[in-house]
Structures are given as C-alpha cells and as structure tokens.
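Accompanying notes for the structure given below.
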Amino acid sequence: MAPAGDDYHDRDAFAVYTGQTTNFLEIRAGWASASDLDVFVFEADAPTDPLGSPSAAVVGELVVTAVKPATLYWIWIGGATRSAALPASYTMAVCGYELTPEAP
C-alpha cells in the first residue's frame, strides 16, 4: 500500500471499550519478521494525542497507559517505511486492569 502522507506503509486499527472499572491498559505486540511496527493508543475523541510511551525494549513493542473507565479507545499498529518486510504478521495482547492506590 502506498503511504498516506505519513511514515507508514501498512496499518491496522482496533476499537477497545474499557470496562466500568478499568483504568489501565497494557498492550503487547510481537512479530517474527524484520518488520518495524509501532503501536499507539488513542482515546476515540483525541486521535492526534497518543497515550503512553511505546517501548521497544521488549521483543516487539509494549505500551502501558492509564485510561478512563467505560471509554472507547483506538489501538493502532503500523509498519513504518523503514521496515524491511511488509506486510507483516503479528500478535497483539490487550489487557485491562483496575489499579487502586494503596492507602498510606
């Protein structure tokens, strides 16, 4: 696919609606090829303001971020133009948590 005026040749998007008490998301993406994929999380009403900081320090990519309960989010994964092998197969795990602060 030709670029859409950005640094990505291939991209997928997934809608995720957080649960009533979910306030934290962890997204892990992995792939076996020489591709360079990036993962971003956006609140549905703010598609230009990604949440969290993707970390490539793990195999694949990991994003952890605070989120609002009962809210629609977009998870976006794209193959950068610097990728060696596109399209690429990948797996993605999305885990939602309820984190509560400890009492002092």
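The values are calculated or read from the model by the stated rules, or taken from the named source; none is laboratory data. Computed from a predicted model, the values in this text were never measured in an experiment. Note that we place each Cβ from the backbone using ideal geometry, even for glycine, and neighbour counts take in every protein chain shown. Surface accessibility is based on the protein's heavy atoms, side chains included, excluding ligands, DNA and RNA. Shrake-Rupley method; radii C 1.70, N 1.55, O 1.52, S 1.80 Å.
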What percentage of the solvent-accessible surface of segment 14-86, computed with a 1.4 Å probe over protein heavy atoms, is contributed by carbon and sulfur atoms? 58 percent
For segment 26-104, max minus min Cα coordinate along each principal axis, in Å, sorted largest first? 49, 28, 16
Using the crude model of +1 on Lys and Arg Cβ and -1 on Asp and Glu Cβ, and no other charge, please compute the dipole size for the chain relative to its Cα centre, in debye to 20. 160 debye
Scoring only Lys, Arg, Asp and Glu (+1, +1, -1, -1) among other residues with Cβ under 15 Å from the Cβ of TYR73 yields -4
With every protein chain left in place, what is the accessible area per residue of the chain in square angstrom, probe 1.4 Å? 60 Å²
DSSP loop (so not H, G, I, E, B), at most 16 other Cβ within 10 Å: list which GluC sites (Glu not before Pro) in segment 44-104 pass both filters. GLU98, GLU102
List the trypsin sites (Lys or Arg not before Pro) within segment 5-104 that fall in a DSSP loop (any state other than H, G, I, E or B) and whose Cβ has at most 13 other Cβ atoms within 10 Å. ARG82
